[in-house]
Amino acid sequence: MELKYKSQSVAKLYFMAAIGLFVGQILFGVILGLQYVIGDFLFPAIPFNVARMVHTNLLIVWLLFGFMGASYYLVPEESQRELYSVKLAKILFWIFLVAGAAIVASYLLIPYARLAEITGNDILPTMGREFLEQPTIGKIGIVIVVLGFLFNIGMTILSGRKTVINMILLTGLVGLAVFFLFSFYVPDNLVLDKFFWWFVVHLWVEGVWELILASLLAFVLIKVTGVDRELIEKWLYIIVAMALISGIIGTGHHFFYIGTPGYWLWLGSIFSALEPIPFFMLTLFAFNVVNKRRRDHPNKAATLWALGTAVMSFLGAGVWGFLHTLAPINYYTHGTQITAAHGHMAFYGAYVMVVLTIISYAMPIIRGRKANPMRAQVVEMWSFWLMTVGMVFITLFLTGAGILQVYLQRLTDTPLPFMVVQDKLAVFYWMREVAGIVFLIGLIVYLVSFFVKGEEIE
Amino acid sequence: MKERFTKGMARNIYYGGSLFFFLAFIGLTVDTVKKLPKTDNSAAITETVAFGKKIWEDNNCVGCHTLLGEGAYFAPELGNVYLRFGKSTEAIKAFIKSRPVNGIPGRRSMPQFNLTEEELEGLAQFLKYASGIDTHDWPPNIQG
């Protein structure tokens, strides 16, 4: 099977970079997990905060690579024309890869304060805020790459066929770029700083990224099920509608205890309690469409990833989000391992899995076949289960740790100091580390699946 | 979904709903920013505090600690550390200064950042200012 449009193949570069950085992210995750129980592991060479920056920043960068690769694959096919400029896509790829690698390497090689100094953080201070630790010049680089990418994708869509899928994807990507600009606003006022920091973080992952997620999933589902586009587009509209209706004011669930007015306790609780709805609809949608399939696509692995994304995003973002989103509950869980538990499963279930879904669907086609040999698919499906079950247990153990932490540190009549409580949670952290190793094994199996040979599928 | 619910209706909910709530969010943002001075302790922001916030950021303190519950969960909450340390900026400074360079065998330890007196004072004043923010009585107790 050949690609419909030759330019789609540029996605391969992006997917390979994404997977490579994913491996780095997980290795540092395993290091972090160990530092939780062996406090001086790699100290002072790689302190916890440095390993954590590497872990979270690699995640963000590889997901962006994934979104870009997905767009370069999807948009020509939806727009029914070649990509506006393959050359631009390739140039931006190398700029982003070098910049991303340089940022992560600088975290590991240079003390952070020194990095701030030599990259001119005194001139335009933007560093030292969670997830937005990149040196200012790195942030500017990200903006340039994303703008070039948007130009390329936008020109392709605007001069081609406009479908619901590529318009919603474009809206999500434009939103991603616009809200990132808030990362340049760092006022002296801590409350104001925190308030607008969420305009990047929340409005990304609980806002515009959901548009990207839903449109990518809808695209893959059309392809693997052959179900009528009209029906899929209707679902897509209503899912993203619910995502934004609940998610925009749902930002308020971060404004409970950071010095903002009291009405956010109500607004944040009510609207964020609605946030599981679009994820539940996504699950209904995926299963409904797969049940109504008009063809049996030979790529079983891609279908599994698609269904997995729907289920795991509902569990991670929907259920685990709801668990601690009501203000009176969040009063006790805010800033504990409960948050960490939710963060892990939500990111994996929604964004990691959707990128792996589109890679699973598109990579074989880019490599010249409709689907991978069955043997390779079986290995890939093993990796799906190992990583997913690994993540479920990471989440459960962190939840166990979180519940105990909340009780010992905040709920009992004799609250214990943070570090004393941490010691008592060690057994949960050890089990989390084991689950993390299972996840890593799953990732290795995933890499292996790309090299498994077998009978070609017709 | 029933046929009576058409794609056109779904599209209108998407455009109408997101536009409405987006505009509502902008309105709420404006209102919040106006009302912040009542709760954000901004009257206490001096040059020293602003300098201290920069030190906080330049050393990526949020990579291990939480501040008003946000950050990493590896080290104690610092939004109320000023109160926990008996309202003593000196105690905060002494703690930061005394961290062993090579850590503590087998245990978590804060790195030695080699901060100057001026930087220590700024950081301590910043944490003092943070403890004065009205957070609706969060955290539940002094342990953070």
Could you pull out every residue, at least 5 positions away or on a different chain, whose amide H is within less than 5 Å of the one on B:Arg107? Hs are placed 1.01 Å off N in the peptide plane, and Pro or chain starts have none. A:Gly39, A:Asp40
Checked the stretch B:42-144 against the a/c 1.5 cut and the a/b vs b/c comparison, axes a ≥ b ≥ c from its Cα gyration tensor; verdict oblate
The stretch A:258-275 - phi-based ³J(HN,Hα) in whole Hz, Karplus 6.51/-1.76/1.60, Gly and Pro as x: 10, x, 9, x, x, 5, 5, 4, 6, 4, x, 5, 5, 6, 6, 5, 7, 4
For labels at A:Asp228 and A:Ala426 in the simple 7 Å Cα→Cβ model, what's the distance in nm? 6.3
If each part is reduced to its alpha-carbon centroid, the stretch A:253-304 and the stretch A:333-367 end up apart, in Å, by 13
Taking a spot 7 Å from the Cα of A:Glu456 along the direction of its beta carbon, which residues of the stretch A:336-375 have an amide N less than 14 Å from it? A:365, A:367-374
Ordering of B:39-52, A:58-71, A:112-125 by packing [mean C-beta count within 10 Å, highest first]: A:58-71, B:39-52, A:112-125
Inter-label distance for A:Ala177 and A:Lys6, nm, one decimal - labels placed 7 Å from Cα along Cα-to-Cβ: 2.7
Rounded FRET efficiency, nearest 0.05, which uses the C-beta distance separating B:Met9 from B:Asn141 and R0 of 60 Å: 0.75
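In the neighborhood of A:Gln80, defined by Cβ-to-Cβ distances under 15 Å, what is the net charge if each Lys or Arg adds +1 and each Asp or Glu adds -1? If you can, show how the numbers build up before the last one.
Working: positive: A:Lys4, A:Lys6, A:Arg81, A:Arg161, A:Lys162, A:Lys223, A:Arg229; negative: A:Glu77, A:Glu78, A:Glu82.
Summing Lys and Arg as +1 and Asp and Glu as -1 gives +4.
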In percent, how large is the relative contact order of chain A, given Cα pairs closer than 8 Å and 6 or more residues apart? 15
What is the gain in length, in nm to one decimal, between A:Leu27 and A:Ile444 on full extension, counting 0.36 nm per residue of separation less the C-alpha to C-alpha distance? 149.0 nm
Relative contact order of the stretch A:171-246, defined on C-alpha pairs under 8 angstrom at six or more residues apart (%): 32
Karplus-derived 3J(HN,Hα), 6.51/-1.76/1.60, for each residue of the stretch A:337-342, Hz, glycine and proline x: 5, 4, 4, 5, 4, 4
Any idea how far the Cα center of the stretch A:85-105 sits from the one of the stretch A:393-451, in Å? 35
Counting Lys and Arg as +1 and Asp and Glu as -1, what is the net charge of the other residues whose Cβ lies under 13 Å from the Cβ of A:Val201? -3
Can you tell me which lysines have their Cα less than 24 Å from the Cα of B:Lys35? Leave out same-chain residues fewer than eight positions away. A:Lys194, B:Lys53, B:Lys128
Can you run phi through the Karplus equation (6.51, -1.76, 1.60; θ = phi - 60°) for the stretch A:83-100 and list ³J(HN,Hα) in whole Hz, with x for Gly and Pro? 4, 3, 8, 5, 4, 4, 4, 6, 4, 5, 4, 5, 4, 5, 5, 5, 5, x
Would you mind giving the mean number of other chain beta-carbons within 10 Å of the Cβ of each residue in A:112-119, as a whole number? 3
Relative contact order of chain B, defined on C-alpha pairs under 8 angstrom at six or more residues apart (%): 28
Listed by chain and number, the lysines with an alpha carbon less than 22 angstrom from that of A:Lys300, same-chain partners under 8 positions apart left out, are A:Lys4, A:Lys12, A:Lys223, A:Lys292, A:Lys370, A:Lys453
Exposure proxy ranking, count of Cβ atoms within 10 Å, fewest first, for B:Asp137, B:Asp58, A:Asp193: B:Asp137, A:Asp193, B:Asp58
Using the number of other C-beta atoms within 10 angstrom as an exposure proxy, rank A:Ser383, B:Ser88 with the fewest first. B:Ser88, A:Ser383
Descending packing, highest mean Cβ count within 10 Å first, for B:31-38, A:215-222 is A:215-222, B:31-38
Counting other beta carbons within 10 Å of each Cβ, put A:Trp382, A:Trp198 in order, fewest first. A:Trp382, A:Trp198
Need the list of aspartates and glutamates near A:Lys6 for cross-linking: C-alpha distance under 19 angstrom, and skip anything on the same chain fewer than eight residues off. A:Glu77, A:Glu78, A:Glu82
Rounded tilt (10° steps) of A:426-449 against the dominant C-alpha axis of chain A: 20
Model label zone, A:Ile123; criterion: amide N under 20 Å from point 7 Å along Cα-to-beta-carbon; scope the stretch A:160-186: A:181-186
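Within 10 Å of each candidate Cβ there may be at most 15 other Cβ atoms; applying that plus a DSSP loop requirement, which trypsin sites (Lys or Arg not before Pro) in the stretch A:338-377 survive?
On the way: sites: A:Arg367, A:Arg369, A:Lys370, A:Arg375; in loops: A:Arg367, A:Arg369, A:Lys370.
Taking the stretch A:338-377 and a limit of 15 other Cβ atoms within 10 Å, the loop trypsin sites (Lys or Arg not before Pro) found are A:Arg367, A:Lys370.
Take the alpha carbon gyration tensor of chain A, find the square roots of its eigenvalues, order them as a ≥ b ≥ c, and report rounded if a/c is under 1.5; if not, report prolate when a/b exceeds b/c, else oblate.
Rounded, because the longest to shortest axis ratio a/c is under 1.5.
Here, each number is a calculation from the coordinates, and none is a lab measurement. Keep in mind the model is a prediction, meaning the values are calculated, not measured. With ideal geometry, Cβ positions are generated from the backbone for all residues, glycine too; neighbour counts draw on all protein chains shown.
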